[in-house]
Amino acid sequence: MSFLVVDKVGPATSVQDRGRSGAQRYGLTSSGAMDVTSLAIANALVGRDVSAAAVEIGPLGAEFTAVGGKVRIALAGADRAATLDGRGAWLNETVLIPEGGKLAVGAARSGVFTYLGIEGGIAGKPVYGSLSVSARAGLGSPYPRPLQSGDRLEVGTAREEAFEHRFKPFLVEPGPIRVVLGPQDEAVTQEAMALFFGAEWRVSPRSDRMGYRLEGPKLTHADGFNIVSDGTVPGSIQVPGNGQPLALLADRGTTGGYPKIATIITADLSRFAQTQAGGRIRFASLPIAQAQKEARRFAAMLSQIGERIGVVRRIANRE
């Protein structure tokens, strides 16, 4: 048995997996990783299922110590500096932390979230089938809240491997965030919809895992902004009374009473979630058939992540 002890951590770091399903009918949010692509990469590097739980490190840094045994980890996601006992460690590559070794991860230089995958996984009792933390709902395991200094994560003890591994990153396609219209795009004026696609939007510093607030020109409603509450999905873009769009994300409410004029496609959600506060975004409309095609491509990409992992170096022989 080994532990990863949290020595220092920012306010937005928690245990997340792909999220819980089947509980939204009870009003429980799905939660889960904000960037499922980086979660999958970190897990695949350490031999875990791509949907398994990892530590989602927020925009600030974190420090950990391995206790009770060696711990093998991998970092993937937002670019940031990392060191192991003062020596440089790298993203997209497995790292063996010796017993007593200290891993320090700096603040994000670009992007927002980095995922710390752990060989052997994180021990916890699933809540509705998931370890994912929802701080507002008090759900998750092993702690139903963001991580704090002094927390101890029970994790797998590293195997005696001959090699470490590295992931060959995908080419990230730049460009607008793609959305499909609706389900209530008629709730704003035609001029407002044209403005939504024509304007550049800024991610507000008041954004969080529940949703990203977008700052820009005011969108005018066609006939009021209150609707009968109905279901939301990850990527739903609401327009409340102030006319400033709000993109709902992992910790969103399961229903909402503001018009949802568009929905970010699954394939672009990870890229959108990695936009830092103050970052600029544009949107482009995509037909539903094309969005479905992109969703299938995205699912296929996740399933093929293991094919992009190779050996990088031999570990010195041990007694």
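Below, the figures for the structure above:
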read-out: Kirkwood hydrodynamic radius of region 57-114, from inverse mean 1/r over distinct Cα pairs, in Å; value: 11.3
read-out: Surrounding net charge for Gln244, when Lys and Arg each add one and Asp and Glu each subtract one, Cβ distance under 13 Å; value: +3
read-out: Rg/Rh for region 177-286, where both radii come from Cα atoms and Rh is the Kirkwood radius; value: 0.92
read-out: Net charge over other residues, Cβ less than 12 angstrom from the Cβ of Met193 (K, R count +1; D, E count -1); value: -3
read-out: Degrees between helix 288-303 axis and first principal axis of the chain (Cα, 0 to 90, nearest 10); value: 0
read-out: Cα-only radius of gyration and Dmax that characterise region 1-128, units Å; value: 14.2, 48
read-out: Environment charge at Arg109 (Cβ cut-off 15 Å; Lys +1, Arg +1, Asp -1, Glu -1); value: 0
read-out: Where N is the number of residues in the chain, Cα Rg divided by 2.2 N^0.38 Å; value: 1.03
read-out: Normalised contact order of the chain, rounded percent, pairs of Cα under 8 Å and 6 or more residues apart; value: 20
read-out: Region 53-163: C-alpha gyration tensor shape, a/c 1.5 cut-off, then a/b vs b/c; value: oblate
read-out: Test item: Cα-centred dipole of the chain, Lys/Arg +1 and Asp/Glu -1 on Cβ, debye; value: 200
read-out: MRE, 222 nm, helices only [DSSP H, n ≥ 4, -39500 (n - 2.57), over the chain, to nearest 500]; value: -4000 deg cm²/dmol
read-out: For region 177-286, size of Cβ-based charge dipole, Lys and Arg +1, Asp and Glu -1, in debye; value: 400
read-out: Gaussian network model of the chain, springs between alpha carbon atoms under 10 Å - residue of Leu171, Leu195, Leu302 with greatest fluctuation; value: Leu171
read-out: Student exercise, region 29-102 dipole from Lys, Arg, Asp, Glu Cβ charges, in Debye to nearest 20; value: 160
read-out: Listed residue (Val180, Ala222, Gly235) projecting farthest to the positive dipole end of region 177-286, Cβ model; value: Gly235
read-out: GNM flexibility winner over the chain from Val172, Val15, Val36 (Cα, springs under 10 Å); value: Val172
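Every number in this text was worked out from the coordinates using simple rules, so none of it is lab data. Here the structure is a predicted model, which means the values were calculated and not measured. All Cβ positions, even for glycine, are placed from backbone atoms using ideal geometry, and neighbour counts span all protein chains on display.
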